[in-house]
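Input: a single structure, listed below in structure tokens.
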Amino acid sequence: MSFKILYVTATLNEAEALKKIKGILTVNGVYRIGNLEIALLVAGVGSISTAWNLNQWLSKNGKPDLAINGGIAGSFNDEFNIGDVVMPIADCFADSGIEDGESFLTLFEAGFVNSDEFPFKNGIVTADTRYSVRIRQIVKPVRAITVNTATGTDVTRNKLKKKFNPDIETMEGATFFYICAREKIPFLALRSISNRIELRNKDNWNIKLALDNLSEKLSEIFITLE
């Protein structure tokens, strides 16, 4: 029996990381490698598009055995090089909250949401350990934040770093975590570093390298899952 994976990514460009895996086959729009049957969902950029498209897919197709969110990310952590592939194991909605003068309060700090209400724990959604523990030797676990506006100034970078101490930033990760946790779907997240979080300078980005490396790591992980 096939092991069914849903691979969720934001853009067609990022989807190439899956399509370029050596030995992967396409049969009736579904990707196959070994005993793995992989459906691809290009869910769009940002939390709203990801939430709508992921829920639509699940309502039509049912729950997969495993959901994987893959794509690129910006790094706060100088330990990582451009092209490094990492595994978010904790994520949060970092810009959902209230400004109070110079301060920013999360929805939990403002008292609107219980910080330990499922699937949150202390305001964080953590990864499913059923599969993440199996691939820790392949990719390094990291802390992520999810934002609606990609960070491009030193001021914002420093505020986010001080408040959340993240390793990486994406625009979809926490939404994927939240929905999978709510639906009780085993899940993994993989992100390849395309840029550093700094004053926006696309000359320093390397999306091609990030996606090439993500493709290689996906191949390793799929071999592990077979």
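The values are calculated or read from the model by the stated rules, or taken from the named source; none is laboratory data. All figures in this text were calculated on a predicted structure; none of them were measured in a lab. Cβ placement follows ideal geometry from the backbone for every residue including glycine, while neighbour counts extend to all protein chains displayed.
Please go through segment 188-213 and pick out each residue that is among the hydrophobic types (A, V, I, L, M, F, W, C) and either under 18 Å from residue 49 (Cβ atoms) or without any contact (Cβ under 8 Å) to a residue 12 or more places away in the chain (or both).
189
Can you tell me which of 148, 158 is free of Cβ contacts under 8 Å to residues at least 40 places away in the same chain and either surrounded by 12 or more Cβ atoms within 10 Å (Cβ to Cβ) or among the polar types (S, T, N, Q) (or both)?
Going through 148, 158 in turn, the sole match is 158.
Residues in segment 22-57 that are on the phi < 0 side of the Ramachandran plot and within 19 Å of the chain's Cα centre (by Cα): how many?
Qualifying residue count for the region: 18.
Which strands (runs of 3 or more DSSP E) does segment 96-174 wholly contain that include 1 or more residues that are touching a helix residue (DSSP H, G or I) at 6+ places or on another chain (Cβ under 9 Å)?
Where strands (runs of 3 or more DSSP E) fall fully within segment 96-174 and carry at least 1 residues being touching a helix residue (DSSP H, G or I) at 6+ places or on another chain (Cβ under 9 Å), they are 103-106, 124-126, 140-146, 168-170.
Is there a residue being among the acidic types (Asp, Glu), within 18 Å of the chain's Cα centre (by Cα) and either at pLDDT 95 or above or more than 29 Å from residue 3 (Cα to Cα) (or both) anywhere in segment 207-219?
Yes; the residues of segment 207-219 include at least one that is among the acidic types (Asp, Glu), within 18 Å of the chain's Cα centre (by Cα) and either at pLDDT 95 or above or more than 29 Å from residue 3 (Cα to Cα) (or both).
Report yes if residue 139 is touching a strand residue (DSSP E or B) at 6+ places or on another chain (Cβ under 8 Å), among the β-branched types (Val, Ile, Thr) and modelled with pLDDT of 95 or more, otherwise no.
yes
Please determine, by comparing only the residues of segment 91-128 that are over 22 Å from residue 161 (Cα atoms) and touching a residue at least 24 places away in the same chain (Cβ under 8 Å), which one is surrounded by the most Cβ atoms within 10 Å (Cβ to Cβ).
Selected residue: 128.
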